[in-house]
Every structure is written in C-alpha cells, then in structure tokens.
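One structure is given here, and the rest of the page talks about it.
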Amino acid sequence: MPRKKMARRLQPLPARVIFEPKNKGAQLLEILRGIAIANQQEEPQVFYPIREVARHLGVPVSTVSRVYDALEEEGILVSVRGSKTLLQGLSGGRHLSVLGSIGMPALTSSFVTFQDCRSFFIRTRRELRARGFAVAMVFYDQSDGKNGGLFSRIDKYDFDTVLWHQPDRAAKETVPQLKDSGVRVIGLSDSWFPSIRCRYEVQRESAIMSILRDWRANDAITSVIVVRGIEISAAKPGPGSFLRALYSMAFRSRLSALGSER
C-alpha cells in the first residue's frame, strides 16, 4: 500500500533578507525557528527543502543545513531518510516528558565571534538535554533589551528557567520583567562584571592559584604548558589568542610565585 503523500501547507518564504556577514547563521536560525513555530499544527507537515531556502535567501546550502540540524536538536524539525524534512506537529509532543523547559539567551555578536562562548552554549545545551531538560537558545542584540522587546521574545517560549551567561545591559533590563512573570533566572559569569547578581561566578585567578597549589603539594608539578588545539590565523590573531597567551603567562607566573613561597 503506498504511503500517504504529505502536502506542504506553509506560506511562501519571506522576501530576500539582508544578512549581516558575521551573523548569517544566527539570523537564519531565528527566522526559520519563528516561521516553524508560527506554522505548527496538530499533525506534522512538510517543511521547506534545504536547497529551496538556500536559493531563495541567497545563503550557502551548508549554512542552511547547519540551521536545520539545530532545529532538529530542538525538536522542531525531523528528517525523513531519503525523503524530506518535516515540521513536527503539536500532537507529537504530547507524550514527551521533560524535567523542565530552560531558555538560554545568547548575545549574537559574542556567539558568532568567540569560540569559548559558542562552546559554553553548545556543551551546556547538550548536558541539559542529556539530563532530561528541554532547552532552546534565544539570540538577541544589545538593542533588543530596550522597551521590553527581548522580554517579549523570551516570554513566548514559556520557559520555566532562564540560564543567562555573561549578563549584560539587556539582561539588566529584561531580568526584572522575567521574574515578575514567574520565570526563574540563573546568572553565570566568568569574565567581566555582570549586570545582575549571578548565582555562579567563576573566579579564574583564584581557580588557577588553587589548582597550582594542589598540583605542587600533591603531585610535585612545578612546570605547566597550556596547549589548545585551535587553529588561529597567524596574520590576524583574534582576541582568543590574546587571552590564551595571558592564561599561559598566568600559569607560569603563578608557578614561579608559588616556588618562591617555599
């Protein structure tokens, strides 16, 4: 018996969008996520083919493919092997049991520019999902925090908890509104001074000193070389290479200082 053919009932894709060169992937993710959520019905339906989206919006097929992978991880899309991509139906999620729904706001410029920032979000999202939580990222720009714009975008997801990494000015304006609506907010900072009080603050200098003291006392380690296998352009080093150089010098200077404490 032949399979029932599924028709695509989605509206046409939006007119050609002007993308920022460095934020193309994040912008496309926000656009397609919004379209998908707005068009979800009770039953699954056929979503736009990857090549159609790439051709219509003028972006590389590889970029669209990565965005589709991200939407599959979020449970919005599902791939049918050798066939097509489907938009999940609302009824398909009724039997899904999760411990809670967690939102992770991400400043688009930081996510695109800094690998450490991307790694934090990707690994944290993976760990939370492995532990039974539903997780979604909300990309934003600094201007989105004004006039309640960012709050409105986060609020529509109906999160139980918002995990905010490196809270900035937008967080300072948005967090009070989230708390007033009953959303639990957990702040986490590991570099600059956060704009809100954070439950978790990683003090790198104190951590380095504690680790080195433990190594010297228990393992007799007196020399450390920090190596990270990340390819950096020699002609145009980015901020990450500068930070890694600082951390490497910090390890060496702390070891020297600890050696003089004997």
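Any read-out appearing in this document is the output of simple, stated calculations on the displayed coordinates, not a laboratory observation. From a predicted model like this one, the values you see are computed outputs, not experimental measurements. So basically every Cβ, Gly included, is an ideal-geometry build from the backbone, and we count neighbours across all protein chains shown.
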**Report entry** Phi to ³J(HN,Hα) by Karplus 6.51 cos²θ - 1.76 cosθ + 1.60 over the stretch 66-77, Hz, x for Gly, Pro
**Finding:** 5, 5, 4, 4, 5, 5, 5, 4, 7, x, 8, 10
Query raised in the report: So who's got an amide H within less than 5 Å of the one on S195, skipping anything under 5 residues away but keeping other chains? H placed 1.01 Å off N, in plane.
Result: D168
Report task. Note down the nm distance, to one decimal, between modelled labels 7 Å out along Cα→Cβ at A38 and at A130. Result -> 3.6 nm
**Report entry** Cβ-Cβ FRET estimate between I225 and E20, R0 fixed at 45 Å, reported to 0.05
**Finding:** 0.75
Query raised in the report: For the stretch 108-123, in order, what is each residue's ³J(HN,Hα) by Karplus, 6.51 cos²θ - 1.76 cosθ + 1.60 with θ = phi - 60°, in whole Hz (x at glycine and Pro)?
Result: 4, 4, 5, 5, 6, 8, 9, 5, 4, 5, 4, 4, 4, 5, 5, 6
Query raised in the report: Long-range amide H contacts for V185: which residues qualify at under 5 Å (H placed 1.01 Å from N, peptide plane, sequence gap of 5 or more or a different chain)?
Result: V162
Query raised in the report: Peptides 65-76, 214-225: what's the order by average Cβ count within 10 Å, highest mean first?
Result: 65-76, 214-225
Query - Size of charge dipole - the stretch 63-209 - debye, nearest 20, with Cβ of Lys, Arg +1 and Asp, Glu -1, no other charges - result: 280 debye
Report summary line: Between the modelled labels at D155 and S62 (7 Å from Cα along Cα→Cβ) the distance in nm is 4.1 nm
Query raised in the report: Using θ = phi - 60° and the Karplus curve 6.51 cos²θ - 1.76 cosθ + 1.60, what whole-Hz ³J(HN,Hα) does each residue of the stretch 48-60 get, with Gly and Pro shown as x?
Result: 5, x, 4, 5, 5, 5, 4, 5, 5, 9, x, 10, x
